[in-house]
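Taking it in order: structure first as structure tokens, then the write-up.
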């Protein structure tokens, strides 16, 4: 290789390593999150699909009757995850665990970067009683232990969505015996 080839290669390596470093800086990440927030706000400013057909379709997809005033962005995102298999440590639609799923949905719908671990999510949210749950609140469970070990996202009509270890991402009812018995509390994250 000639000296100019080495120089060109060196400059390419330097350029790409600089881009990687830039993407890791807090100010770049904050700008990226701000862009996502603004895009969501623009989307919300457009007329919401308040048509009955939208809520009928998503009632069918989610398996329960919607009220007609739920957040369309949350419904679309949650429905796109249904059937995703459970994968411990997973955070994508190829496979996700309960906290990875909640984190990904919150980032996409609300632009909020939740903690990665369920216990930390619980510690960083404001506790809410079951009767005061609002759409988008986190719901925490104690499964087989005294500590918080499972998280889901409250939808409406006593329904929540979560990544079940046996069935993947599903919609369940808080009044089902298993979930009622293991329910710890709801958690609100400022949005």
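Compute the FRET efficiency between residue 76 and residue 131 as 1/(1 + (r/R0)^6), taking r as their Cβ-Cβ distance and R0 = 22 Å, and round to the nearest 0.05.
Plugging the Cβ-Cβ distance into 1/(1 + (r/R0)^6) gives 0.20.
The listed peptides 165-171, 63-69, ordered by packing as a protection proxy, come out as 165-171, 63-69 (highest mean of other Cβ atoms within 10 Å first). Under the shape rule built on the C-alpha gyration tensor, where the axes satisfy a ≥ b ≥ c, region 53-188 is rounded, since a/c falls short of 1.5. Sorted on the mean count of surrounding Cβ atoms within 10 Å across their residues, most packed first, peptides 96-106, 149-159, 51-61 read 96-106, 149-159, 51-61.
Bear in mind that the values in this text are calculations on the coordinates, not laboratory data. Bear in mind the structure is a predicted one, so any value in this text is a computation, not a measurement. With ideal geometry, Cβ positions are generated from the backbone for all residues, glycine too; neighbour counts draw on all protein chains shown.
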